[in-house]
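Shown next, in structure tokens, is the structure this report addresses.
Since every read-out is calculated from the coordinates, none of them should be taken as a lab result. Every value quoted in this text rests on a predicted model; they were computed, and no experiment measured them. Heads up, the Cβs are rebuilt from the backbone with ideal geometry, glycines too, and the neighbour counts pull from every protein chain shown.
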Amino acid sequence: MAHHIENDTIVGTVGGTILSVIPNVETGDIVRTLILATVGAVASFLATQILKWTWKRIKK
């Protein structure tokens, strides 16, 4: 037996979830998330560059 969900049901569920979450999100939470995402991206980039540099030095 295959389960089939109509697109309208999916859209309604996602839309309702988003609309119920938006009023509960504070500006401070958004700013904190943006800052943490930026720090994480920079740390990841720097770690990658250091590992590439280290690997090149080891291969010589």
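Tabulated values for the structure
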quantity	calculated
Any hit, the stretch 26-39, residues being of a type outside the set (A, V, I, L, M), out of contact with any strand residue (DSSP E or B) (no Cβ under 6 Å at 6 or more places or on another chain) and not in a helix (DSSP H, G or I)	yes
Filter result for S20 (hydroxyl-bearing (S, T, Y), exposed (fewer than 10 other Cβ atoms within 10 Å of the Cβ) and part of a helix (DSSP H, G or I))	yes
